[in-house]
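Student: Quick one: structure below, then a few questions.
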Amino acid sequence: MTRIDFYISKDKQNAARQQLACRITEKAYKLGNRIYIHTESSEQTSLIDDLLWKFRDGSFVPHNKSTENTSNPAPIIIGHDKDLAREADVLINLAHEVPGFFSQFERVAELVNDDPGFKTRAREHYAFYRDRGYELNTHNL
């Protein structure tokens, strides 16, 4: 069964949430996982794509956008696809909704900052997973 991890930051800035997504992505990649970063929009997909190149000096996180047509896809894919047909181990959810395909992953990371809107959505996501019997873990950063 999919394990759900909520990462909670005290920062109110959305940029901190995106930085956290990059850090978790890098860690999961170094552990040998394939990652799908699910974004809310094409704009957010492009923002994360750009941020993964420069979020930390010396970091190398090979990634592609889901819209890029490559014969050899990177271990990290970023997109806002509503229906996902790719194989990956970890889902990092940056979207406002729980994606319908979340259960195909071994792990899901939900990123929460101290913004009231994100906290409200995170509580809804938490209740969604809990009501379906998923293992939930909370990490206060």
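Derivation of every value follows stated rules applied to the coordinates shown; laboratory data play no part. Small disclaimer: the values here were computed from a predicted structure and weren't measured. Backbone-built Cβ (ideal geometry, glycine too); neighbour counts: all protein chains shown.
Student: What are the ³J(HN,Hα) couplings of the range 120-135, residue after residue, when phi is run through the Karplus curve with 6.51, -1.76, 1.60 and θ = phi - 60°? Round to Hz, x for glycine and proline.
Tutor: 4, 5, 5, 4, 5, 5, 4, 4, 4, 5, 4, 5, 9, x, 7, 5
Student: Compute the label zone of Ser42 within the range 53-82: residues whose backbone N is under 12 Å from the point 7 Å along Cα-to-Cβ.
Tutor: Within reach of a label on Ser42, which here means backbone N under 12 Å from a point 7 Å along Cα→Cβ, the range 53-82 contributes 67-68, 80.
Student: Taking 0.36 nm per intervening residue step and subtracting the Cα-Cα distance, what contour gain separates Lys10 from Glu97 on full extension?
Tutor: 29.2 nm
Student: Now a separate question. Just to be sure I understand, if you calculate P(r) over Cα pairs in 5 Å bins from 0, in percent for this structure, which of (1) 2, 10, 21, 23, 20, 13, 7, 3, 1, 0; (2) 2, 10, 21, 25, 23, 13, 5, 1, 0; (3) 2, 10, 18, 19, 15, 8, 5, 4, 4, 5, 4, 4, 2, 0, 0 do you get?
Tutor: (2)
Student: Testing the spin-label approximation: label points 7 Å from Cα along Cα→Cβ at Ala127 and Asp114. State their distance in nm.
Tutor: For the pair Ala127/Asp114, the computed spacing is 2.5 nm.
Student: Work out from phi, with θ = phi - 60° and the Karplus expression 6.51 cos²θ - 1.76 cosθ + 1.60, the ³J(HN,Hα) of each residue of the range 88-99, listed in order in whole Hz, and give x for Gly and Pro.
Tutor: After applying 6.51 cos²θ - 1.76 cosθ + 1.60, I find 7, 9, 10, 10, 9, 9, 9, 7, 6, 10, 6, x Hz.
Student: Note down the relative contact order for the chain as a percent, whole number, built from C-alpha pairs under 8 angstrom at least six residues apart.
Tutor: With pairs under 8 Å counted, the relative contact order is 41 percent.
Student: Okay, moving on. In whole Hz, with x marking every Gly and Pro, tabulate ³J(HN,Hα) for the range 60-72 from phi via Karplus 6.51 cos²θ - 1.76 cosθ + 1.60, θ = phi - 60°.
Tutor: After applying 6.51 cos²θ - 1.76 cosθ + 1.60, I find 10, 10, x, 8, 9, 7, 5, 7, 7, 8, 10, 7, 10 Hz.
Student: Let me ask you something else. Within the range 20-60, find all residues whose amide N lies under 16 Å from a label point positioned 7 Å from the Cα of Asn137 along Cα-to-beta-carbon.
Tutor: The answer is 24-34.
Student: Would you pull out the residues with amide H under 5 Å of Ile37's amide H, same chain only if 5 or more places away, H placed 1.01 Å from N?
Tutor: Ile77, Ile78, Gly79, Ile92
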